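Since every read-out is calculated from the coordinates, none of them should be taken as a lab result. What you see is a predicted model, and the numbers here were worked out from it, not measured in a lab. Cβ: placed from backbone, ideal geometry, glycine included. Neighbour counts: every protein chain shown.
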Amino acid sequence: MLLLLLGILPQISCRENTQVSPLGVPEICAQMSPCGADCYTTCDNPCQCDLAANKEVPFPSYGGSCQDTGFCEGEFLHLEDCIEEGGPSCPTMLGTEEAVEKFSTFDFRIDVRTVEEWNEGHANMSIHTPGLANFPAANYLDKIGGLEHKKVLVYCRSGGRAFAASIHLLKYGFSDINSFYHGGFPNLNAAIQEDSEEREDHPTKSFCYVTGPSDICPTPLPTSHISSIDDITRLGRRVTLVDVRSKAPHRLANAKVVFTDKEKKVKRFVKKLTKKRDVLVVFCKGGNSAFAGAKKIKEQWDGVIYWVDNGGFEFLQELFGTEEI
Ligand SMILES: *[C@@H]1O[C@H](CO)[C@@H](O)[C@H](O)[C@H]1NC(C)=O
């Protein structure tokens, strides 16, 4: 699934600086970076004191003040302060309850732990950026570049590294960073499993985001992983778009409408599928019925089933267009 990302990587550069500054990027880089023309330093510290004072380069949006080094550095944020008070420079801090509740609503989850920790277990739908707590986000553009406007959850083992990494992401230009501070991944994982098992609609969306596809979980297909029709057709030989909205004045061009609350309709639909050839992409309006619908179909058919999260119909409509029913 992560491979899909490769298709939508943008051209990364000091885009903002080029627009704002009359100087060329190489000149700014040379002036700003202690190591010479090192572009990421420019992007990550988009301000040198005199340049910023002259309004030749933008002052960092995360706040900041001129330091002795001659560079503008962010105010020194502390985890505890952000938990207790928050503020414009802080990521949104999430405790366990909130993180469990919102887990499936993020465009991305970023795991900043080491390779060893990741290998011991991680949330399936995560991007792994080991070391992001210590290095600028610009070092990870192959994985997260171009996604600055997305809603992101950052987690580690206990909360400290997630916080440090969140600050790096904010400095780089991410705008909706949510930092899980309470007990890290093992704790979050346990809480999500427990929460799901207690519910009648087990497995929950969040549960499936952690475990990934399984006998009981259809595969989440985050809208952030789809940018073109190709991303969808690449999923399989014969992709069938499945609309599980109950009331719909317009339908997606080429989509099959299946009322998953009616057992017979699901049975009839499933009968026509072949496991070898068909891949389903189930969608609805907001994402909740897509998940429920995909689960229903999965109970009767064990082929490959994706469900589109969060964006659903409106998002796909932009790609595929609609037709009157
Ligand atoms: C998610 O789970 C699937 C199926 O179990 C697996 O193929 C895939 O590699 C996993 N992805 C990650 C990021 O762990």
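What the table shows:
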read-out	value
Estimated inter-spin distance, Glu318 and Asp176, nm [label 7 Å along Cα→Cβ]	1.2
Theoretical FRET efficiency, 1/(1+(r/R0)^6), r = Cβ-Cβ of Gln300 and Asp142, R0 41 Å, to 0.05	0.55
Trypsin sites (Lys or Arg not before Pro) restricted to region 146-212 and DSSP loop, no more than 14 other C-beta within 10 Å	Arg199
³J(HN,Hα), Karplus 6.51/-1.76/1.60, whole Hz, each residue of region 207-215, x for Gly, Pro	4, 6, 5, 7, 7, x, x, 7, 4
Sites Asp261 and Asn119 - FRET efficiency at Förster radius 41 Å, r taken between beta-carbons, to 0.05	0.50
Ala253-Asp201 pseudo-label distance in nm [points 7 Å out on the Cα-to-Cβ vector]	3.2
Antiparallel DSSP beta bridges within region 182-325, percent to nearest 5	15
Using θ = phi - 60° and Karplus 6.51 cos²θ - 1.76 cosθ + 1.60, couplings along region 315-323 (whole Hz; Gly, Pro as x)	5, 5, 4, 5, 7, 9, x, 10, 9
